[in-house]
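The values are calculated or read from the model by the stated rules, or taken from the named source; none is laboratory data. From a predicted model like this one, the values you see are computed outputs, not experimental measurements. Cβ: placed from backbone, ideal geometry, glycine included. Neighbour counts: every protein chain shown.
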Amino acid sequence: MNAMRLKQGIEVQQFSQTTGLSYATIKPQIEQLIEMELLSLQQQRLKPTDKGFDYLNEILIAFMPENFSHLEQTQNIKIKQL
């Protein structure tokens, strides 16, 4: 998730592979962050906006496990070290 702190952001597929969360799972958070003008999605790449760089912690919090309590506990969410 630290790739979200980079100006070039991260590809959705890479984000999903790294976190174990499918795009369908994170789509509501992405849409909310786009609506708040904190995140952009262009060519399958998630990037903080200029405003989003001022609120990086809030962007990362949106993708924390406690925000996905609706997932079955059996779903395998992996954390990958970079």
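Out of the residues in the range 41-65 that are part of a strand (DSSP E or B) and touching a residue at least 24 places away in the same chain (Cβ under 8 Å), which is nearest to GLN8 (Cα to Cα)?
First, pick out the residues of the range 41-65 that are part of a strand (DSSP E or B): 41-42, 45-48.
Then keep just the ones that are touching a residue at least 24 places away in the same chain (Cβ under 8 Å); that gives 41, 45-48.
Values: LEU41: 11, ARG45: 8, LEU46: 8, LYS47: 6, PRO48: 8 Å.
If we take residues in the range 41-65 being part of a strand (DSSP E or B) and touching a residue at least 24 places away in the same chain (Cβ under 8 Å), then LYS47 is nearest to GLN8 (Cα to Cα).
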How many residues does the range 51-82 hold that are modelled with pLDDT of 85 or more and either surrounded by 10 or more Cβ atoms within 10 Å (Cβ to Cβ) or touching a helix residue (DSSP H, G or I) at 6+ places or on another chain (Cβ under 8 Å) (or both)? 11
Working carefully through the options LYS27, LYS7, LYS51, find the one that is among the charged types (D, E, K, R) and in contact with a Leu (Cβ under 7 Å, 6 or more places away or on another chain). LYS51
Quick one: in the range 3-26, which of the residues that are in contact with a strand residue (DSSP E or B) (Cβ under 7 Å, 6 or more places away or on another chain) and part of a helix (DSSP H, G or I) is farthest from MET64 (Cα to Cα)? VAL12
Which one is modelled with the highest pLDDT among residues in the range 26-40 that are among the polar types (S, T, N, Q) and either more than 18 Å from GLN13 (Cα to Cα) or surrounded by fewer than 18 Cβ atoms within 10 Å (Cβ to Cβ) (or both)? SER40
Could you grab me the full set of residues in the range 1-38 that are in contact (Cβ under 8 Å) with a residue 12 or more places away in the chain, over 19 Å from PHE53 (Cβ atoms) and among the small types (Gly, Ala, Ser)? GLY20
